[in-house]
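Right, one structure below, let's go through it.
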Amino acid sequence: MRIPVNAVVFEDFETLDIMGPVELFGLLHEHYQVQFYSLNGGLVSNKHGVCIQTKSFSEMHVNDKSILLVPGGIVTFELIKNQQFLDQLKTLAAQSKYVLTICTGSSLLAATGLLNGVKATSNKMAFEFVQKLNDQVLWQAQARWVIDGKFYTSSGVSAGMDMTLAFIHDTQGEKVAQLCAEEAEYIWNSNPNIDPFCKVKAG
């Protein structure tokens, strides 16, 4: 049975945040089954005109192997005020074996309290925002991505692909991760400490 990759989307999600990791997991279709979900299901679109047909959170298949993918985007600044969304996200994240967030997707998890005492990172242009949102998270200012237990969190947008390849490396082996990078013709930054955008600030 293939491992469920449950990709969360919402109105105005950041395109590459979710599509980069989905592309990489999709290269390993014999191992992973990708499905898109949103709070209420149906068609979800973003600012780039990308439309995705989704199932509702209540239909999500979660088991002892499932992976939850959570993207970001400017809209997360408002989405953290949606308690219904946060409550359901918290339940799904708690039940998933792994949770991978991209960009400000980590702010959504931080708002649920699940990252309290956990090392995590986020988009560096939004770093002050996420720090103020929840100071109980052990925010890492210089990190392309961070791994702490079942949580993988990445910096902005394209960093999600580096993180996903790191996850594939950790769970499927180095050879498989390298083959994925080669097939995608992607230059993988395999060192999480190389974070050229760590000094970028909003403003």
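Here the range 83-126 has 47 percent of its accessible surface on carbon and sulfur atoms, given a 1.4 Å probe and all protein chains in place.
Rounded, prolate or oblate: which fits the range 1-65, taking a ≥ b ≥ c as square roots of the Cα gyration tensor eigenvalues, rounded meaning a/c under 1.5, else prolate when a/b beats b/c? Intermediate results must be reported in sequence, preceding the final value.
Details: a/c = 2.64, a/b = 1.32, b/c = 2.00.
Here the range 1-65 falls in the oblate category.
Distant-in-sequence amide contacts of Leu138, defined by a placed amide H-H separation under 5 Å and a gap of 5 or more residues or a different chain, comprise Gly117, Val118, Lys119, Ala120.
A Gaussian network model of the chain, with springs between Cα atoms under 10 Å, assigns the largest mean-square fluctuation among Leu138, Leu16, Leu115 to Leu138.
What the phi angles of the range 60-71 give under the Karplus curve with 6.51, -1.76 and 1.60, with θ = phi - 60°, is a coupling list of 5, 8, 10, 9, 6, 10, 5, 10, 9, 9, 10, x Hz, glycine and proline written as x. Per residue, the accessible area of the chain comes to 46 Å², computed with a 1.4 Å probe over protein heavy atoms only.
Springs between Cα atoms under 10 Å define the GNM used for the chain, and in it the highest mean-square fluctuation of Phe151, Phe167, Phe13 occurs at Phe167. Backbone phi angles across the range 172-178, fed through the Karplus curve with coefficients 6.51, -1.76 and 1.60 (θ = phi - 60°), yield HN-Hα couplings of 10, x, 5, 4, 5, 4, 5 Hz in residue order; Gly and Pro are listed as x. Classify the chain from the C-alpha gyration tensor, please: rounded if a/c falls under 1.5, else prolate or oblate depending on whether a/b exceeds b/c. The shape class here is rounded.
Springs between Cα atoms under 10 Å define the GNM used for the chain, and in it the highest mean-square fluctuation of Pro71, Pro192, Pro21 occurs at Pro192.
Taking a straight line from the alpha carbon of Lys97, these lysines sit under 30 Å away, with near neighbours fewer than eight places off in the same chain left out: Lys55, Lys65, Lys81, Lys119, Lys124, Lys132, Lys150, Lys175. For the range 154-160, 3J(HN,Hα) computed residue by residue from phi via the Karplus equation (6.51, -1.76, 1.60; θ = phi - 60°) reads 10, 6, x, 6, 5, 4, x Hz, glycine and proline entered as x.
The values are calculated or read from the model by the stated rules, or taken from the named source; none is laboratory data. Bear in mind that the values here come from a model prediction, so they are computed numbers and not experimental data. Areas reflect the complete protein model, heavy atoms only, side chains present, ligands, DNA and RNA absent. Shrake-Rupley method; radii C 1.70, N 1.55, O 1.52, S 1.80 Å.
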